[in-house]
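The values are calculated or read from the model by the stated rules, or taken from the named source; none is laboratory data. Values in this document were obtained by computation on a predicted structure and should not be read as measured data. Counting neighbours? That spans all protein chains shown, and the Cβs are built from the backbone with ideal geometry, glycine included. Side chains are part of the model used for accessible areas, which takes the heavy atoms of the whole protein and leaves out ligands, DNA and RNA. Shrake-Rupley method; radii C 1.70, N 1.55, O 1.52, S 1.80 Å.
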Amino acid sequence: MRLLIMGPPGAGKGTQASLIGEHYGIPAISTGDMFRAMKTAKTPLAEQVRAIMDSGGYVSDDITNAIVAERLAQPDCANGFLLDGYPRTLAQVETLDSMLADSGTSIDAVISLVADVEEVVQRLLKRANIGGRTDDNEDTIRIRMQVYAEQTAPLLEVYRSRGVLIEVNGLGLIHEVSERLFAALDEVAVGARPA
Ligand code: ADP
């Protein structure tokens, strides 16, 4: 299965993405994790990525598209994958479409993890208190929410109009949410084309 998972910062995408990846035996690929891994390098590109992430903004489409293209070309993605945190802009949707078209494939389903904004802000603040990420402070969290609402939330309509959007309630215990997701994805798996 070729899947995307979308939702506001703090909706639990990363946690659920790993569980889905394990359950269906596909790599869960997080652009946020890839960028966080890059941040520690002492190169001009790493400095640039660090500054953008710490401000709550998005890394440029060119850089993001390039790292995703490289990752999807790895052999472990041949039979499916789950992208977490990509695409986040319309330009990224277009690039992903053409990358997949080149390999004669397409996205089978897009999971939208639905969560209330105030609830997710509270979750992120809690993560900040236990020594979480440098972008988990109240000002940056608000900026990330706004950037998400402006640039990424509209993508849900694009995928809804393609008939591949699956909306799942992201509130509740981790295993409750993953059970909802597995139930929805089991149906997709039946219809998904083999590689
Ligand atoms: P969250 O969605 O919880 O804020 P992520 O780990 O998905 O966290 O992303 C963290 C940061 O990494 C984003 O705020 C952004 O700066 C950068 N990033 C991740 N994915 C993308 C993307 N597809 N395009 C641009 N920037 C991205």
Open item on the list: Filter the chain for me: DSSP H helices, axial length by Cα at least 20 angstrom, mean Kyte-Doolittle hydropathy not below 0.0. List them by residue number.
Closed with: 174-191
TODO: At 1.4 Å probe size, with no ligands or nucleic acids counted, give the accessible surface of Ile63 in Å², nearest ten.
DONE: 30 Å²
TODO: Hey, can you find the accessible area per residue of the chain for me, probe 1.4 Å, expressed in square angstrom?
DONE: 50 Å²
TODO: Let me know the shape class of region 1-59, please: from the alpha-carbon gyration tensor, a ≥ b ≥ c as square roots of the eigenvalues, rounded when a/c is under 1.5, otherwise prolate if a/b is greater than b/c, or oblate.
DONE: prolate
Task: Environment charge at Gly25 (Cβ cut-off 15 Å; Lys +1, Arg +1, Asp -1, Glu -1) - done: -3
Task: Share of carbon and sulfur in the accessible heavy-atom surface of the chain [1.4 Å probe, %] - done: 55 percent
TODO: Round to the nearest 10 and report in Å² the accessible area of Tyr58, as given by a 1.4 Å probe over the protein chains' heavy atoms.
DONE: 50 Å²
Open item on the list: I'd like the accessible area for Ser106, computed on protein heavy atoms only with a 1.4 Å probe and all protein chains in place. Round to 10 Å², please.
Closed with: 50 Å²
Task: Largest-first ordering by accessible area, 1.4 Å probe, given options Asp186, Asp84, Asp108, Asp102 - done: Asp102, Asp186, Asp108, Asp84
- [ ] Go through Phe182, Phe35 and list them by solvent-accessible area, largest first, probe radius 1.4 Å.
- [x] Phe182, Phe35
Task: Cross-link partners of Lys13 among lysines (Cα-Cα below 23 Å; sequence separation of 8 or more within a chain) - done: Lys39, Lys126
